[in-house]
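No value in this document is a laboratory result; all are computed from the given coordinates. The structure presented is a predicted model; accordingly, all values stated were derived computationally and were not measured. So basically every Cβ, Gly included, is an ideal-geometry build from the backbone, and we count neighbours across all protein chains shown.
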Amino acid sequence: MSETDTVELLLVEDNPQDLALSLRAFKKANLANRIHVARDGVEALDFIFCEGAHARRKIEDAPKVILLDLKLPKIDGLEVLKRIKGDPRTRMIPIVVLTSSKEQSDVVESYQLGVNSYIVKPVSFEQFADSVRDLGLYWLLKNQPPKVEG
């Protein structure tokens, strides 16, 4: 995988409307070129850990950020978060939970598992698009990640 093929953002979202809205917001902000979408927890973990359909990827080619919904089919977002943050090879990847859950227990558990940010999805189209765009601008362009020694 060349530098230009490297995925910068992994979007883990099973809701088709939220997925379409997110992708449209990234495209509008010119941030859509290197996004990979996973529609359930298994697909997200396969991508991150280079298994299954993603066995040809290298784990070092990690995304700059993961936007993670909590309410996912197959394996829920909290378990995905736990596995990524529990592995020394992937724990430094910033993860932003972007979910409809306002449950305090989800917020607390997410932070205990090492999430970098927890955002409740806004209800209106404009607010949601603005939030996704702002997240992309911050995590892809402004945030300074640590250099990973290989």
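Simple rule: put +1 on each Lys or Arg Cβ and -1 on each Asp or Glu Cβ in the range 1-141, find the dipole, and look at 19, 119, 59; the Cα lying farthest toward the positive end is 59. When restricted to Cα atoms, the chain yields an Rg and a Dmax of 14.3, 43 Å, respectively. This model, with +1 at the C-beta of Lys and Arg and -1 at the C-beta of Asp and Glu, gives the range 1-148 a dipole about its Cα centre of some 380 debye.
Comparing 41, 52, 77 in a Gaussian network model of the chain (Cα springs below 10 Å), the most mobile by mean-square fluctuation is 52.
Just need the Rg to Rh number for the range 65-108, please, alpha carbons only, Kirkwood Rh. We get a ratio of 0.96 for the range 65-108.
Here's the list of lysines a cross-link from residue 85 could span, going by alpha-carbon distance under 25 Å and ignoring same-chain residues fewer than 8 apart: 58, 64, 71, 74, 102, 121, 142, 147.
Counting only GluC sites (Glu not before Pro) that are in a DSSP loop and have at most 14 other C-beta atoms within 10 Å, tell me the longest site-free stretch of the chain.
On the way: sites that count: 51, 60, 103, 149.
Counting at most 14 other Cβ atoms within 10 Å as exposed, the longest clean stretch of the chain is 1-50.
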